[in-house]
1. Please report the equivalent ellipsoid semi-axes of region 370-498, computed as sqrt(5 x eigenvalue) of the Cα gyration tensor, largest first, in whole Å.
2. Measuring from centroid to centroid over Cα atoms, what is the spacing of region 279-329 and region 112-131 in Å?
3. Of the DSSP beta bridges with both residues in the chain, give the percent that are antiparallel, rounding to the nearest 5.
4. Would you calculate the volume per residue, in Å³, of the smallest convex hull containing every Cα atom of region 301-445?
5. How big is the gap, in Å, between the Cα center of region 174-196 and the Cα center of region 36-96?
6. Suppose we flag GluC sites (Glu not before Pro) only when DSSP calls them loop and at most 15 other Cβ atoms lie within 10 Å. Which is the longest uninterrupted stretch of the chain?
7. Nearest 20 debye, what's the magnitude of the dipole of region 50-188 about its Cα centre given +1 on Lys and Arg Cβ and -1 on Asp and Glu Cβ?
8. Starting from the 7 Å offset along Cα-to-Cβ, what nm value, one decimal, do you get for the label separation of E257 and S354?
Amino acid sequence: MNYFSTRDTSLRLSSAEAIVRGLSKDGGLFCPESIPKFTDEEKAFLISASYQKRAALVLGKFLTDFSEEELISFAEKAYSSEKFDTEAVAPVHMLEKNLGILELWHGPTCAFKDMALQMLPYLLSSSLKKTGEKRTASILVATSGDTGKAALEGFADVEGTKIAVFYPKDGVSKIQERQMTTQSGENVYVSSVVGNFDDVQSAMKEIFSDEEIRGKASENGCIFSSANSINWGRAVPQIAYYVSGYFDLLKNGAISEDDEINVCVPTGNFGNILAAFYAREMGIPIKKFICASNSNNVLTDFFKDGKYDKNRQFHVTASPAMDILVSSNLERLIFNMSGNDDKTVRKYMSKLQSDGAYTVSAEIFSRISDLFYGGCCDDVKTLKTISDVFSEHNYLIDTHTAVAVNVYKKYAEETQDGAVTLLASTASPFKFADSVLSALGIDISSGGEELLEILSKTTKQKVPAPLASIFEKEERFLNTANREDLADVVLKFTEGTV
Ligand SMILES: *Cc1c(COP(=O)(O)O)cnc(C)c1O
C-alpha cells in the first residue's frame with residue numbers, strides 16, 4: 001500500500017516513509033492510495049479477538065511494509081497490562097440501551113491520545129530502520145494539553161528519537177501542565193508558548209515546511225517528525241478502537257449483524273472522528289458521524305452549509321483539548337470526499353491560508369452532509385451534562401465527553417434516530433477534576449492536588465495511579481517562548497543546547 005499527499009497525488013511513499021516524515025513537504029497530509037476492506041474471515045476473527053490482535057490486524061491492512069509478527073509484538077507492548085489499567089484496553093460501557101461509551105482513557109496519561117501514542121514510537125523506530133534513516137527523529141509537538149503528555153510518555157528514552165513539546169501558556173489545565181513539566185527522560189524538552197493552540201500549531205507547521213530550518217536541523221543530525229494527529233502513524237491505531245468497539249457491541253448483543261451504528265466524537269483537530277470514518281470505509285457499518293464541538297464551533301457551522309470559516313473569536317473553554325479553530329485532519333476528509341483530488345484540496349487550503357475561510361463545492365458538501373451531523377454546546381451545558389449523567393447513572397464523565405453526550409442527546413431528539421451509538425469518551429474525569437467538581441457543585445478554591453482527593457471522596461472512585469504521582473515529582477521544565485522565537489528554540493533543541 002502506497003501513500004500520497006492530500007496536496008500532491010504524484011508522490012508515492014511507503015507507510016514507513018510517511019510515518020517518518022509526518023507531514024508532506026507541500027504542507028499536505030499523507031493518505032493511503034485506497035482504503036482496505038475487511039474480508040468476511042477477518043470479521044469472524046475480529047469478533048472474538050483480544051484488543052491487541054484486533055489492533056494488529058487493522059494496522060497490518062494499512063502498514064503493508066510491516067510484518068504481522070512485528071505488529072503483534074508492538075500491539076502487545078503498547079497495550080500491555082502495565083500500560084493500561086483494564087484488560088479490555090478500550091472497554092464499552094453501556095450507559096443506556098442505545099448508548100455505549102467507548103472508554104479510551106485507561107492508558108498511562110488518562111486520555112485517548114495514549115491509544116495512538118503508545119503505538120507510534122514502535123512504528124516510528126521501526127520505520128527509521130526500514131527507511132535506512134540515520135538521523136535522530138526530532139519530534140515536534142504542538143499540544144492543546146493531552147497530546148503533549150501522551151507523546152512524552154510514549155517517546156521518553158526511545159532510541160533514535162528526541163521530542164520537544166510546546167503548549168499554549170494559558171490554554172491547558174493545571175493537571176495537564178504539571179503532567180508535562182514533570183516528565184522524565186533524557187531526550188525530552190517542554191516549553192509553554194505565549195498564544196493559543198492555533199498559534200502554536202501554525203508555528204510548528206511553518207517550521208516543518210521551511211527548507212532552511214530543515215537543512216540546519218539536518219546538519220545537526222536531526223530529521224523532523226511529528227507526533228501530532230496529522231501523522232499517519234497516529235491515525236491507524238485510532239481506527240482500531242472503533243473496530244474494536246463495534247465488535248464488542250456485536251459480541252455483547254447490543255446490536256446484531258444487520259444493524260448500523262452511529263459514532264459520536266468530541267472533536268478538536270478532527271483526528272479521532274476521522275479514524276471512525278476510515279473504519280466505515282473498511283466495512284464497519286456506521287450510519288452517522290456526530291461531530292461534537294464546544295463553543296469553538298467552526299465544524300458545527302461547516303456541517304450546516306459547507307463553509308469553513310475560522311474568522312471568529314477564540315474561546316477558552318472547560319474542554320480545552322477541543323479549543324481549536326483549524327481542524328487539520330478535516331483536510332483528509334475533504335480529500336477523500338473530492339475523490340482524492342489534490343488540486344481541489346490545494347485550492348481550499350490556500351483559501352484558508354489567505355482568507356481564513358473556504359467553501360466546499362455543492363457536490364462535496366452533499367457527500368459530507370449525508371454522513372456527518374455537527375452540534376455544539378457551551379460550558380454551562382457541558383457542566384450540567386456532567387451532573388445530569390452522574391445523578392442519573394452514577395457514572396462520571398469528563399468535560400470533553402460531556403460535550404459529546406450533550407450533542408448526542410440533541411441529535412437523538414431532533415432526528416428520533418434510535419440506532420445504537422458508540423460515543424468516544426476521551427479523558428478520565430480526574431484529568432479535568434476542577435471543572436468536574438464545579439459541575440457537581442463542589443467548592444474548588446483549593447489547589448490541584450487536593451482536587452483529585454476531593455473528587456475521589458465525592459465519587460468513591462480511586463484517583464488513577466498516573467495522576468496520583470504527578471504532585472510528588474519535581475517540575476523540570478518552566479520555559480516560556482514567544483511564537484517568533486520558536487524556530488530558534490527548535491534549532492537549539494536539534495543542537496542539544498536547550
Ligand atoms: C485531543 C482530544 C480531543 C480532540 O480530539 P481530536 O482528534 O483532536 O479531534 C478530545 N478530547 C480530549 C480529551 C482530547 O485529549
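Read the figures in this text as sums done on the coordinates, not as results from a lab. Keep in mind that this is a model prediction, so the values were computed, not measured. Here Cβ is always computed from backbone atoms with ideal geometry, including for glycine, and neighbour counts include all displayed protein chains.
1. Each semi-axis is the square root of five times an eigenvalue, giving 34, 24, 13 Å.
2. 26 Å
3. Of those bridges, close to 25 percent are antiparallel.
4. 132 Å³
5. 30 Å
6. Excluding the exposed sites themselves, the longest stretch runs over 261-471.
7. Computed charge dipole of region 50-188: roughly 340 debye.
8. Taking the simple label geometry, E257 and S354 are separated by 5.4 nm.
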